[in-house]
Amino acid sequence: AKLLLGMTMSSAEKRFWDAAPIATSECLESLQNLLPVPHFLASVSSILTGEEEDASHFHKKKIIKLLADRVAEVSSDSPEASLFLEMVPDLVAQVNLDPSTMAVAADGKDSSASSMRRTIVMQQGALIAIESFARFLYPSTENGKLAASAAAVFLPALASVTKLLDDTALLWIKANDGNVGNSEVSSGVADAQCQLLSSSSLCVSTLVTTLKARCLPQLPTIIKPLVKSLKSANILLLEGSNDPAASSTGELLQLSILKTLQAIAETMPQFLLPYLSLIFSNNGLPSKALRQGYEHGVEHSVRTAVAQLETALATKVQVRQLIPALGQALAKNLRPDGYESWEEACSIMNVMTIAVESSQRSVLSPVIGKIFNGLVMAYGYEGDGESTPRMLQSANKCLLSLVMKLSESQLRPLYARLREWRGNIEDAKEGSLSSSARRYAFWSLSAELSKSLRSIFLPCLTSVLTDVIDELEIAVSLLCQRTKKKTDGSKRRRVEESDSSADDMEKVKSLQPLLLCLESALKADAHEGGDWTRGDDNQRYNMILNHLGKLLLAQVPKETPLLSDLTSKEKASTSAYQQIVQGVGTLEYGNVVGCLTALAAAAGNEQLWKPLNFAVLEACGHERNEVRKAGIGCLLSIIETIGEEYMVLLPECLPVISELLEDDEDTAAMAKECVRQGEELLGESLEDSLR
């Protein structure tokens, strides 16, 4: 009959009947706004408490929305405020609705699923209204009769909302676990429950912010379902969903839970100790599902909410409570024999870093040992080419934030403990893989400290100078003293680069961060006058130069693990020698040429420059093209860094430069640049000297 009626209606009539309900609703709202507050609230209460059939469902939704909008016009200290507060129990009654109380549809064939969805819609509307009531009707001052009377109304409301949160979370988690079936109906109900869970979370957030410590009795029944729901949502999004709407709903739930946890952390941080282990458990707050970029873009609102919650926890919760919990969570995420997630471990390290940065030195002193244990766990992680650098980066950031809070006298014992954890360099010569990983981590953290602390780090470097020399000796023995078959051309290079064992590559892995550490320290010393470099009657300088000069002639296997800024395509066309020696793509990660340039700047006099210049010129005259290129590149870098003072050695360099002017295009270009720099510094032409 409805179909026939639709066919007989004209387009104008159809538009009229489509617009009629909207116009009627607007008229009703206007009429309600004209009513005095007592009459308006009486009519609202009559509609909400009426025992009418399903036809009133639409009107109840509209009247709740109208009530929420009108309360925004009421001041908490006005006479009308008490009248509006009397409406809260009616809203709570809507929150406490059960699907069985909803009337069936007119055809008498309403399903339980549709009944549940209608109930959820009513509950969501009531939750939004309660939020508005709490926001506008609760007094800004805690003292007085107004606050007491408002609290007496909102505390029962909080209890009902919390119960709804707990019950809905349980049902939704079961639905996600597959205990409710996979039909379209159950899927729709699960989405509706997810939305209800989001609404109840946000309502709880507002009530917690408003009521503050009065919420303490409800805290266990708030935090536990919230975190469990967050973990379930994270797992759901990590496993992926073919339904974009379901994914969007899951992200909305994540966001609402994070906002609520943030409100709790900022309002009652002193009471969070029993729940920290749950919050930082696997798939909880550290989950990578909260940090991955969805189709909405990298700067997703969920990421912002995560950052705000982490900051709230790190700055509000007492460090003596937070750091042990973080250490335990870190240990659970880095267990080699069980659950392992380096992404979650990095997130935990980030919270630890924020906590350290925001704390006073006196507060940190009792937990330095706990922080050190966490750092050691992070530094001891052995992953792949992606995870290990990321973990080291997170650990280094935390270490640096801790060091900035310490005095220089406290830094040295801490660095000594890290050296003790690393172990002896002799273990590396015996081929211990765990020792190689610890050495790499140790020199990575040393490089970070050297870059950030500059000359303050030099006493620490002095304490490990013998280790520096031992490391360089290992690199020289593996890269510069390897017996090879004499084969010409590119075939020779392929033989040299392929004839290396994985163990050898692990042993030299720590060379790159060591070079970065040395380069940063030498630059800092050069700025201070070079006294550290020239210490021990120049023996320190000579030991370092001896090994660095040999590394200019190294034969670096292509399998050598290196960090660089190069893309995959660029790496394919760039040899390992070019990266670790010449510094192609590794200016920020450590290379031989950069280290030699810093050494020359720190040496500061002609007497010390002579042996360095000899080593560079030896490389410039080498039979291998890449070594010649590295040599002339190093000479150019030194001239650019030191300038006019180095021109006293230019006559020794000119014969070699003259030969390189006839080399390949790249090498000849650097040789021409050396000549140009020399002419500019000397103020005269060098053309006659180059003949």
Put a dot 7 Å past each Cα toward the Cβ at Arg135 and Trp421; how far apart are the dots in nm? 4.7 nm
Looks like segment 346-475, by Cα gyration tensor root eigenvalues a ≥ b ≥ c and the a/c under 1.5 rounded cutoff (else prolate when a/b is bigger than b/c, oblate otherwise), is oblate
Students often get this wrong, so check it: of Lys316/Lys370; Lys212/Lys259; Lys228/Lys370, which have C-alpha atoms separated by over 22 Å? Lys228/Lys370
Taking a ≥ b ≥ c as the square roots of the eigenvalues of the Cα gyration tensor of segment 543-691, is the shape rounded (a/c under 1.5), prolate (a/b larger than b/c) or oblate? prolate
Give me the angle, in degrees from 0 to 90, between the Cα long axis of helix 184-211 and the longest principal axis of the Cα atoms of the chain, rounded to the nearest 10. 80 degrees
Please compute one quarter of the surface area of the Cα convex hull for segment 504-621 and express it in square nanometres. 7.4 nm²
Between Arg412 and Ala669, 0.36 nm times their residue separation minus their Cα-Cα distance comes to what? 87.9 nm
Expected sort for 363-369, 342-348 on mean C-beta neighbours within 10 Å, highest first, is 342-348, 363-369
Once a ≥ b ≥ c are taken as the square roots of the eigenvalues of the Cα gyration tensor of segment 303-417, is the result rounded (a/c under 1.5), prolate (a/b larger than b/c) or oblate (a/b not larger than b/c)? oblate
Please tell me the relative contact order of the chain in percent, rounded to the nearest whole number, where contacts are Cα pairs under 8 Å and at least six residues apart. 6 percent
Going highest first, how would you order 192-199, 318-325, 76-83 by mean Cβ packing within 10 Å? 192-199, 318-325, 76-83
Which angle from 0 to 90°, rounded to the nearest 10, does the C-alpha axis of helix 489-498 make with the longest principal axis of the chain? 60 degrees
Please work out the FRET efficiency for the pair Asp18 and Lys288, using the Cβ-Cβ distance as r and a Förster radius of 56 Å; give the result to the nearest 0.05. 0.75
Ranked from highest to lowest mean number of other Cβ atoms within 10 Å per residue, what is the order of the peptides 534-541, 418-425, 671-678? 671-678, 418-425, 534-541
For the chain: accessible area per residue (Å², 1.4 Å): 47 Å²
Across Lys231/Lys571; Lys397/Lys507; Lys509/Lys629, pairs whose alpha-carbon gap is larger than 32 Å: Lys231/Lys571
When the chain is reduced to its Cα atoms, the Kirkwood hydrodynamic radius in Å: 30.7 Å
How large a share of the accessible area of the chain, in percent, is made up of carbon and sulfur atoms when the probe is 1.4 Å and the other protein chains stay in place? 52 percent
What angle, in degrees between 0 and 90 and rounded to the nearest 10, separates the Cα long axis of helix 112-137 from the longest principal axis of the Cα atoms of the chain? 80 degrees
Per-residue [θ]222 nm for the chain (sum of -39500 (n - 2.57) over DSSP H runs n ≥ 4, rounded to 500): -22500 deg cm²/dmol
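The values are calculated or read from the model by the stated rules, or taken from the named source; none is laboratory data. Not measured: the values here are computed from a predicted model. Reconstructed Cβ throughout: ideal geometry from the backbone, glycine too, with neighbour counts over all protein chains shown. Quick note on the areas: whole protein, heavy atoms, side chains included, nothing else; ligands and nucleic acids left out. Shrake-Rupley method; radii C 1.70, N 1.55, O 1.52, S 1.80 Å.
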